[in-house]
Amino acid sequence: MTHAIIGCGRVAPNHVDGFGAVPAVQIRWACDRDAPTADMFGRTYSVARTTTDVGEVLADPDVDSVSVLVDHAQHTDIAEAALHAGKHVLVEKPVALDLRAARDLIALAEQKNLVFSVVSQHRYDPLVRRVRQWVEDGLLGRLVLCNVTLHSRRTEDYYADSYWRGTWSGEGGSALINQGYHCIDVAQSLCGPFDVQGATRSSTRLTDVIETDETLAAVLTAPQGLVATLAVTVSSSEIWRSRICLVGEAGTVEFDLDHPNRLHRCTGNPVLEQEGASFAVTVQETGVPAGQDYYGISHRRQAADFCQSMRTGEPMLYPAGDAVGTLALIQDVYRASGPVHGS
């Protein structure tokens, strides 16, 4: 099987690492709008062919699949072109900036019998999967509260040096849709679906370089009476810190995503506490993250699931439709927090 990388930015090393860990997969192309970036990436990661032309990659009959890792606004066009070219597609989050376009991509993939997946690597983290099992087994009882926080720091240069970050048209937001995406995606997968009851956002430190959200907070609700709070910022003194806390009538679990498989609290009843203690002893992660350390290594798990689906035709563990639900929630939060570009 032959794979191609389209977009050689911050997360691209994780895709090289992820697909490189799957047996019998070769990465054939590195494509980026900037030729020196593509060439440097190819040399660094031993990718033989580099180009600035997406069409050249998609015209290669030996390419079976692609990772779409470009700016958010281009996800739709490139993923659609790849599907029309007969390539299986793994696209970084968010799936698109337009809900209709996102649904159309899924329909197109189904029509062409191609695998289409949206990166949600932390759903594949062993701890997240174990927490999901605890919830499904009723070890927390009825869930009543979920707290979701993401504290991160992005510099002025991070936005000023980018042609798309910090804009509604290019990024579709900032702190929530980019940095906070995985936290709200995982939380909704465990507790949701969420409805938005209210939200607010602000920008103070980065006002001169972004038009979007620097800090955002929201109150959400889910079926059976659960209330959730969401708080994200890119103006913390900490580079990255995520935390999800689930409170149920029978137990509480608290964990983070920036150090995958770190369980901070698992209390409330003997069975749950034993499960937590057992998990802490048995779980082992092997390997160092290829890119940012807080990305973890579960791109490998999603890449393996993606390739398995390509080979067998069996559905992936998490359908692309889940990513449409996460995008819809994020857009609802933004609308509740105030006027956005084009609304």
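The values are calculated or read from the model by the stated rules, or taken from the named source; none is laboratory data. Keep in mind it's a predicted model, so treat the numbers as computed, not measured. Neighbour counts are summed over all protein chains in view; Cβ atoms, including those assigned to glycine, are modelled from backbone coordinates with ideal geometry. The protein model used for the area step is the full one, side chains on, heavy atoms only, and it has no ligands, DNA or RNA in it. Shrake-Rupley method; radii C 1.70, N 1.55, O 1.52, S 1.80 Å.
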Taking the chain as a Gaussian network, Cα atoms linked when under 10 Å apart, which of Leu108, Leu176, Leu220 shows the biggest mean-square fluctuation?
Leu108
How much mean residue ellipticity at 222 nm does the chain get from its helices, if each DSSP H run of length 4 or more adds -39500 (n - 2.57) and you divide by all residues, to the nearest 500 deg cm²/dmol?
-10500 deg cm²/dmol
In whole percent, what relative contact order does segment 88-141 give with Cα contacts below 8 Å and a gap of six or more residues?
38
Starting from the 7 Å offset along Cα-to-Cβ, what nm value, one decimal, do you get for the label separation of Gln308 and Gln26?
2.5
Using a probe of 1.4 angstrom, how much of the accessible area of segment 1-142 is carbon and sulfur, in percent?
45
Tell me, what is the Rg over Rh of segment 60-165, with Rh the Kirkwood radius over Cα pairs?
1.08
When only Cα pairs under 8 Å and 6 or more residues apart are kept, what is the percent relative contact order across segment 31-159?
15
Nearest 10 degrees is fine. How inclined is helix 99-111 to the longest principal axis of the chain, computing both from alpha carbons?
60
Contour minus Cα-Cα span, Leu145 to Thr200, at 0.36 nm per residue, comes to 17.8 nm
Scan around Ile27 for amide H atoms under 5 Å from its own, H built in the peptide plane at 1.01 Å from N, and keep only partners 5 or more places away or cross-chain.
His3
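Note down the Stokes-Einstein diffusion coefficient of segment 5-60 in µm²/s, whole number, using a Kirkwood radius over alpha carbon pairs, 4 °C, and 1.567 mPa s.
116
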In degrees rounded to 10, the 0-90 angle between helix 126-136 Cα long axis and the longest Cα principal axis of the chain is 50
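Which value, in Å³ per residue, describes the convex hull spanned by the Cα atoms of segment 1-110?
Cα convex hull per residue, to the nearest whole number: 90 Å³.
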Determine, at each q value in 0.11, 0.17, 0.20 (inverse angstroms), the log₁₀ of I(q)/I(0) that the Debye formula gives when each Cα of segment 190-337 is one equal point scatterer.
-0.62, -1.35, -1.40
Taking 0.36 nm per residue of separation and subtracting the Cα-Cα distance, what length does fully extending Trp164 through Asp137 add?
5.4 nm
Cα gyration tensor, segment 214-292 - rounded (a/c under 1.5), prolate or oblate:
oblate
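Taking N as the number of residues in the chain, what is its alpha-carbon radius of gyration divided by 2.2 N^0.38 Å?
That works out to 0.98 for the chain.
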With a ≥ b ≥ c from the Cα gyration tensor eigenvalues, square-rooted, and the rule rounded for a/c under 1.5, otherwise prolate when a/b > b/c and oblate otherwise, segment 180-234 is prolate
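Rounded to the nearest whole Å², what accessible area per residue is found for segment 154-276 with the 1.4 Å probe?
In whole numbers, segment 154-276 has 40 Å² accessible per residue.
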In whole percents, the bins of 5 Å from zero upward hold the Cα-Cα pairs of segment 142-189 as 5, 18, 24, 20, 14, 10, 5, 3, 2, 0
Given the whole protein assembly as supplied and a 1.4 Å probe, what does the accessible area of Glu56 come to in Å², nearest 10?
90
Based on the mean of other Cβ atoms within 10 Å per residue, sort peptides 193-203, 110-120, 264-274, 10-20 so the most packed one is first.
10-20, 110-120, 193-203, 264-274
Let me check something: with ligands and nucleic acids excluded, how do Glu285, Glu92 order by accessible area (1.4 Å probe), largest to smallest?
Glu285, Glu92
To the nearest 10 degrees, how steeply does helix 181-191 sit against the main Cα axis of the chain, on a 0 to 90 scale?
50
